[in-house]
1. In debye, nearest 20: dipole of region 233-372 around its Cα centre with unit charges on the Cβ of K, R (+) and D, E (-)?
2. What are the lysines whose alpha-carbon lies under 18 Å from the alpha-carbon of LYS164, with same-chain residues fewer than 8 places away excluded?
3. Just one of [x] 67, 60, 45; [y] 79, 58, 39; [z] 73, 66, 45 is Cα extents along the principal axes in Å as worked out from the coordinates here. Which one is it?
4. Given an 8 Å cut-off on Cα distances and at least 6 residues of separation, report the relative contact order of region 190-292 as a percent.
5. Angle check, please: helix 462-479 long axis (alpha carbons) against the longest principal axis of the chain (alpha carbons), in degrees 0 to 90, nearest 10.
6. Under 12 Å from the Cβ of ASP445, count the other residues' Cβ atoms, weight Lys and Arg +1, Asp and Glu -1, and hand me the total.
7. What is the gain in length, in nm to one decimal, between ASP345 and ASP290 on full extension, counting 0.36 nm per residue of separation less the C-alpha to C-alpha distance?
8. Tell me the mean residue ellipticity at 222 nm calculated for the chain from its helices only (DSSP H runs of n ≥ 4, each -39500 (n - 2.57), averaged over every residue, nearest 500).
Amino acid sequence: MDYQNRNFWGWGYKDFNLPDDATARLLNALRMGLGIKEFNKIQPVTLNQLRLREPRFKLTEELTLFCSRDTEQRAGHSYGKSFRDVWRGMNGIFPNPPDYVAYPKNENQISTLFDFAATNHIALIPFGGGSSVCGGVEPLIPPHYNGCITVDMLHFDKVLEVDKTSRSARIQAGIFGLDLEQQLKGYGLTLRHFPQSLEFSTLGGWIATRSGGHFATLFTHIDEFVQSVRMMTPTGGILHSRRLPGSGAGPSEERLVCGSEGTLGIITEAWMRLQDIPTCKATATLLFRDFAKGAEACRLLSQSGLNPSNARLISALEAFSNGLGDGVHTVLILGFESAHFAVDDNLKKATALCLDAGGTLSANASFEKTEDPDAMEWKKSFIRAPYIRDLLMCHGLIAETFETAVTWDKFTEFHNAVEQGVYCALKQQGMQGIITCRFTHIYPDGPAPYYTVIAKGKPGQQLEEWDFIKKTVSEILIEKGGTITHHHAVGRDHRPYYKMQSSATFQQMLKHAKTTVDAGWILNPGALINKEA
């Protein structure tokens with residue numbers, strides 16, 4: 001990880017260059033599709049232009065050894081990477097930067113932070129890679145706190161122990177995804193959990209947010225890989241669950257930590273279940289005349305027992321903007337992989353199922369290749385997508401996503417309501433825009449649709465315009481039986497809707513659990529649950 005080259009206001013690295021042909025194709029398509037004569041370009045703020053408020057409190061001498069008040073570091077830890085975050089960052093709006101950024105090197109220094117924060121009523125924001133898109137790391141704290149320290153776990157970055165017999169490893173929580181895979185590669189092992197943010201997110205962040213990976217079936221969330229977890233709490237207690245392949249002994253300790261979003265403690269390490277690196281792969285691309293036909297094929301796939309590693313259903317417009325398809329047909333990228341046996345037969349069975357459901361093979365499809373050209377192009381566009389989002393924002397566009405999950409029986413009505421809701425929200429604001437959809441994961445009982453909205457915003461009003469769209473959509477997701485988030489977590493942005501979809505009794509249980517381990521509510525206040533309501 002090249003920490004010095006990170007973009008303080010947007011995604012990834014400062015010097016990342018998007019392919020000219022891909023960006024030109026997308027911008028031209030948006031010009032035509034949205035009737036844009038001229039883009040209202042925004043020039044992102046430079047580091048020299050930033051003027052952050054001074055820290056509101058002083059550190060002890062011990063804390064100064066691993067805490068920073070550097071302007072770039074504080075700005076880079078002010079937001080995650082949602083549209084709201086990047087828009088404010090690129091426009092130089094930093095009203096609530098952390099007062100300091102802490103970089104502890106061991107658990108003793110974390111304990112020191114806990115003691116200082118509890119004594120002085122300072123909020124602590126646990127920070128992995130900062131890729132949150134739901135306000136999960138924003139230091140937007142209530143006014144009765146005396147300040148805030150963001151706790152960056154970058155020094156907890158090693159694979160400490162590998163148990164090849166049990167095929168698992170003890171890993172520090174601050175390790176970034178690519179670094180983790182590189183350290184495991186020498187053992188012939190992989191965690192095989194590949195979120196889109198892989199390069200810029202950490203193991204601890206994945207566990208804290210119940211991250212979803214790239215693969216469409218079976219092991220879709222990080223929970224399924226967590227064998228044991230170690231978490232430090234402000235009261236001094238340490239949750240350290242036992243390593244077991246499975247257990248029926250009461251509620252699971254590690255499952256309580258998964259999804260806790262830095263509100264119960266700071267995760268320092270975990271034993272993770274690993275897999276052998278796949279050596280056999282097979283991929284095909286199919287086309288459907290409409291999204292509904294493709295969705296039905298995905299339902300049949302999800303209930304077939306074939307368990308494809310990839311079953312990415314992509315609406316026609318989204319596929320075309322990423323260099324796939326003809327802009328008319330829905331695209332399904334289908335893939336299988338294994339470390340132990342050939343998967344060609346599974347691919348043929350899955351393809352036959354999709355053909356019977358009304359699909360046709362893409363002209364590029366071939367069972368002779370390990371990966372067809374369409375799948376390779378999608379993989380490239382998948383990695384570039386966050387950079388492209390930032391590029392579109394610099395052209396004055398609103399470009400953002402939201403994701404959910406719903407049962408198959410509700411999907412058609414649900415999907416129609418979401419699309420209609422977005423277009424109504426756009427119309428109410430006098431805007432031109434589009435909404436596209438893809439499936440990121442499929443389950444026997446339902447899909448996880450992932451929506452993208454691109455619209456021409458009014459100069460200076462894009463934030464308020466998106467907030468209106470987001471509120472409209474969030475209410476529809478809950479009303480129509482979906483979840484407010486399938487894998488992006490709750491944070492501060494989704495908290496009102498998470499409260500609506502969970503029971504009042506469970507909310508009270510969470511609050512009491514937090515008070516037990518964090519009596520002063522110093523850890524990530526305002527995320528996930530709210531003390532006052």
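The values are calculated or read from the model by the stated rules, or taken from the named source; none is laboratory data. Because the structure is predicted, anything quoted here is derived from the model rather than measured. Please note: Cβ atoms are built from the backbone with ideal geometry, for glycine as well, and neighbour counts cover all protein chains shown. Protein only, heavy atoms only, side chains kept; ligands, DNA and RNA dropped before computing areas. Shrake-Rupley method; radii C 1.70, N 1.55, O 1.52, S 1.80 Å.
1. Details: 12 positive and 16 negative charges, 60 e Å.
With only Lys, Arg, Asp and Glu charged at Cβ, the dipole is about 280 debye.
2. List returned: LYS185.
3. [x]
4. Reported relative contact order: 32 percent.
5. Here the helix axis deviates by roughly 80 degrees.
6. Residues near ASP445 contribute +1 overall.
7. Computed gain between ASP345 and ASP290 is 17.1 nm.
8. Helices in the chain give a 222 nm mean residue ellipticity of -10500 deg cm²/dmol.
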